[in-house]
Amino acid sequence: MSSVSPSLDDDRISNLPVALKQTILDLVPVRDAARTCTLSKAWRETWTTRPCLVLNKLFYLQVINNKNEEAEQLSAFSSALDKIFAVQTGPIVETEIYIPSKLESHHIHQWIQHLTEKDVEVFRLDNSENDACLVPSVFFDFAKLKVLELDKWILSPPPESRCFSNLVSVDLIRVLIAAPVSFGTQLQHLELHICDGIEHLVFTNINNLKTLIIGMSSKIDWRWLENAKNLERFSLVLSQADFIKSKSVNLIKLLSNCTRINFLLLHDFLLEVR
């Protein structure tokens, strides 16, 4: 009986369907997914077209493992992201990036500039362990962005900015809005937690807004409720500073415009019954 020698065609792992290989890569951390480049050309091509990149704090801790000096840690992290973005050839639909302490801003600008060219639809940018800093102006050029989550940033779009037109969900935490910002007419979900300057938000048409959550923000534009007629969920938590406002608000009248509300949460309110 003659024996058949193995051939490259017998590499069943590399010959898996592309969709299955992509599913496998989506289930493992980015750092491990990147290592599959060494398996074969097929795996390398799959990795470079990965549509989801989760570069969060866990990824950061994995990268800086066994590196004791702060400068060495920051260099390793920025180099890792530079290499990951450099090899990605396809669209990057979803991205999450953690910004470590003392990272130089030019890295952030470079990464965001790269991502604006990748048709990103979901973007999470975590700056929670640093002082709030200004997002680069190029940040407002995300043409296809649908979901945005920001923690501890300053939003100040330039006058010529296109801003956003396709956003569906926005979640801002400890964000300062320093200039007029529009989230577009497609917005359905908006959360503002400990945000300042929210009076700069521009809503020309919020008929699609279904969820509005405001927590511990400095000011509120009550006209939002006048125009959000399809609102279904409304949550408002005020700070003590709101109690000293001289102008009263007829909340019942405002909410009467929102006939579809099925969830209402009010906290730290003084209600006057007449």
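The table below gives the values:
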{"quantity": "Label-point gap, in nm, between GLU232 and ASN56 - each point 7 angstrom along Cα→Cβ", "calculated": "2.6"}
{"quantity": "ASP221 paired with LEU266, simple spin-label distance in nm, labels 7 Å along Cα-to-beta-carbon", "calculated": "2.2"}
{"quantity": "Too-long pairs where the Cα-Cα distance tops 29 Å, listed order kept, from LYS83/LYS146; LYS146/LYS219; LYS118/LYS152; LYS144/LYS229; LYS83/LYS152; LYS152/LYS253", "calculated": "LYS152/LYS253"}
{"quantity": "Karplus-derived HN-Hα couplings along the range 192-208 (A = 6.51, B = -1.76, C = 1.60, θ = phi - 60°), whole Hz, x at Gly and Pro", "calculated": "10, 10, 6, 9, 10, x, 5, 5, 7, 5, 10, 10, 7, 7, 10, 5, 8"}
{"quantity": "Most to least packed among 49-57, 80-88, 144-152 [average Cβ atoms within 10 Å]", "calculated": "144-152, 49-57, 80-88"}
{"quantity": "Whole-angstrom gap from the range 45-111 to the range 191-238, using each part's C-alpha centre", "calculated": "33"}
{"quantity": "Backbone HN-Hα couplings from phi across the range 59-74 [Karplus 6.51/-1.76/1.60, Hz, Gly and Pro as x]", "calculated": "4, 4, 5, 5, 5, 8, 4, 6, 10, 8, 7, 4, 4, 5, 5, 5"}
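Bear in mind that the values in this text are calculations on the coordinates, not laboratory data. Note that the structure is predicted; figures quoted are calculated from it, not measured. Every residue, glycine among them, receives a Cβ derived from its backbone with ideal geometry; neighbour counts consider all protein chains shown.
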